[in-house]
Amino acid sequence: MAERRRATVRDLRRDNRSVLLWSLYFDQPRSRQDLSRTTGLSPASVSNVMRELIDEGIVVEAGLVESEGGRPRVLLRIDPEHGYVVGVDVGETRVRVELFDLMMTERAKAEYPLDPREHAAEVVVAHILEGLSAVLADSGVDPAAVLGVGVGVPGVVLRDPELLVHGPTYGWDAVPLERMLRTGTDLPLYIDNGAKTMGQAELWFGAGRGAQHAVIGLIGSGVGASIISNGVTHRGSTSSAGEWGHVTVMVGGRDCRCGSAGCLEAYAGAEAILERYGRPLPGRDQESALAALLDRADSDEHAARVLEETALYLGAGIADLINLFDPERVILGGWAGLLLGERLLPAIREAARRHSRVHPFATVSIELCRMGPDAVALGAATLPVERFLNGALAPSEPHPRSA
């Protein structure tokens, strides 16, 4: 019985630490009294946990605030330099590696271009490892201070038991990405689908903040989504939920990179849009070519028609999400999603209205991501931060090899 009681007390203290860290992380600086009121924990519990966190260097004092009829209250905040995190975006045209402090302020960044037709896992791994070395050197951060490295990747991430990435559009079939990265780094690794990491960035800091039910769509060369249900990312039985790009919008339609036909991605992904236009465009990559197509739409009837059809397909795809999941918000992001949204969002909304059930459409907002093109890397970097807030591990303590 004594052992059981000690475990219960230890669990309770850990839970209290986590509750207070989560509360302080998203709304700071705050006083102990504020934290007690918002978390429901007793003033004594708050004081005890805050004393521990201050002693450990996680929390620091941030000045005083006047109180009504009493002594000034001490404000507290999380020390952004207590630890650092790295976020990696494995995209269609580049690998982006960014280093952030604990409050997600960028400290260093490195980018490596990719040939859109060549995404060999060995090439991607080499860029990630080179990027890790570069951002640590540029920032002067000691690797021992890094809480972890989050990596947003294309395709489905499975852990059965080894972490494997299945990304057919990249030619990745059961790629042992964590094992490959282990050849060049001992830092803790947290690997997830890129659409899901982008969704977490928007949920924490952007257009999804405060939503319990949302869908965040990533539109780049391909199309994916992160489905948020009750404030948590929905993964499905095999972690493959959110493959929005592979819902069928045209039976017997255009061939898709996934091997099927008629998928939304085959009409609304940047690669498919440019193929449907079928005429030369300036630019060295898909991003600049799509921007040129958008600029050309006012004077080129064919370009205007392709974009009009794209808005229709995206709107119909969003209507499917609305009818299936009844979200509060549908948020479009990714480099292509942001480019298209600047011009086509009203048309996309109208197409979604025409294909949605009346009641759920009346309660949903359709908007653009706020975190910009760095959202995948930022969201990937939140993966070790999430672990930290849940367990409050110091940078020098043991970490899981992968998540």
- Message: Among the residues of the stretch 233-256, are any assigned to a strand (DSSP E or B) and under 23 Å from the mean Cα position of the chain (by Cα)?
- Response: yes
- Task: Could you please give the count of residues in the stretch 257-270 that are among the hydrophobic types (A, V, I, L, M, F, W, C) and either assigned to a helix (DSSP H, G or I) or not assigned by TED's automatic domain parsing to the domain that holds Arg305 (or both)?
- Result: 3
- Item | Failed condition for Pro280, given (1) more than 22 Å from the chain's Cα centre (by Cα); (2) under 21 Å from Ala375 (Cα atoms); (3) exposed (fewer than 15 other Cβ atoms within 10 Å of the Cβ) | (2)
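Every residue, every condition in (1) at positive phi; (2) assigned by TED's automatic domain parsing to the domain that holds Glu106; (3) among the β-branched types (Val, Ile, Thr), yes or no:
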| site | (1), (2), (3) |
| --- | --- |
| Gln28 | no, no, no |
| Ser31 | no, no, no |
| Ser47 | no, no, no |
| Ile54 | no, no, yes |
| Ile58 | no, no, yes |
| Glu61 | no, no, no |
| Leu64 | no, no, no |
| Val74 | no, no, yes |
| Val90 | no, yes, yes |
- Message: So, in the stretch 238-267, exactly how many residues are small (Gly, Ala, Ser), without any contact (Cβ under 8 Å) to a residue 60 or more places away in the chain and under 21 Å from Ala214 (Cβ atoms)?
- Response: 3
- strands (runs of 3 or more DSSP E) enclosed by the stretch 1-92 - at least 3 residues per element that are surrounded by fewer than 16 Cβ atoms within 10 Å (Cβ to Cβ) and in contact with a strand residue (DSSP E or B) (Cβ under 9 Å, 6 or more places away or on another chain): 59-65
- Message: Going through Gly391, Gly334 one at a time, which residue ends up being on the phi > 0 side of the Ramachandran plot and modelled with pLDDT under 95?
- Response: Gly334
- Looking only at the stretch 144-182, and only at residues there that are in a loop (DSSP other than H, G, I, E, B) and free of Cβ contacts under 8 Å to residues at least 12 places away in the same chain, the one that is surrounded by the fewest Cβ atoms within 10 Å (Cβ to Cβ): Pro161
- Task: Would you point out the residue of the stretch 348-386, among those that are free of Cβ contacts under 8 Å to residues at least 12 places away in the same chain and of a type in the set (A, V, I, L, M, F, W, C), that is nearest to His82 (Cα to Cα)?
- Result: Ala362
- Being within 27 Å of the chain's Cα centre (by Cα), more than 23 Å from Glu386 (Cα to Cα) and touching a residue at least 60 places away in the same chain (Cβ under 8 Å) narrows Glu111, Glu98, Glu118, Glu92 down to just Glu92
- Determine the pairs where a residue that is over 19 Å from Gly70 (Cβ atoms), located within the stretch 28-46, has a partner that is charged (D, E, K, R) with Cβ atoms under 7 Å apart, the partner being 6 or more residues away or on another chain. Gln28/Arg77
- Asp186 passes all but one of the listed conditions (1) surrounded by fewer than 20 Cβ atoms within 10 Å (Cβ to Cβ); (2) under 16 Å from Arg257 (Cβ atoms); the exception is number (2)
- Give the stretch 193-237 a look and list any residue that's surrounded by fewer than 18 Cβ atoms within 10 Å (Cβ to Cβ), of a type in the set (S, T, N, Q) and without any contact (Cβ under 8 Å) to a residue 40 or more places away in the chain, or say none. Asn230, Ser237
- Task: Taking Val223 as meeting all but one of (1) in contact with a Leu (Cβ under 7 Å, 6 or more places away or on another chain); (2) β-branched (Val, Ile, Thr); (3) over 14 Å from Thr169 (Cβ atoms), write down the number of the exception.
- Result: (3)
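In this structure, is Gly57 over 26 Å from Phe26 (Cα atoms) and not hydrophobic (A, V, I, L, M, F, W, C)?
So Gly57 fails the test.
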- Task: Give me a count of the residues in the stretch 129-168 that are under 20 Å from the mean Cα position of the chain (by Cα) and not aliphatic (A, V, I, L, M).
- Result: 9
- Only one of Gly334, Gly317, Gly341 is farther than 14 Å from Leu264 by Cα, in contact (Cβ under 8 Å) with a residue 60 or more places away in the chain and surrounded by 20 or more Cβ atoms within 10 Å (Cβ to Cβ); which? Gly334
- Query: Failed condition for Arg96, given (1) assigned to a helix (DSSP H, G or I); (2) among the charged types (D, E, K, R); (3) in contact with a helix residue (DSSP H, G or I) (Cβ under 6 Å, 6 or more places away or on another chain), with all others met?
  - Reply: (1)
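The values are calculated or read from the model by the stated rules, or taken from the named source; none is laboratory data. The shown structure was predicted, so the numbers you read here are calculated from the model rather than taken from an experiment. No Cβ is skipped: glycine too gets one built from the backbone with ideal geometry, and neighbour counts run over all protein chains shown.
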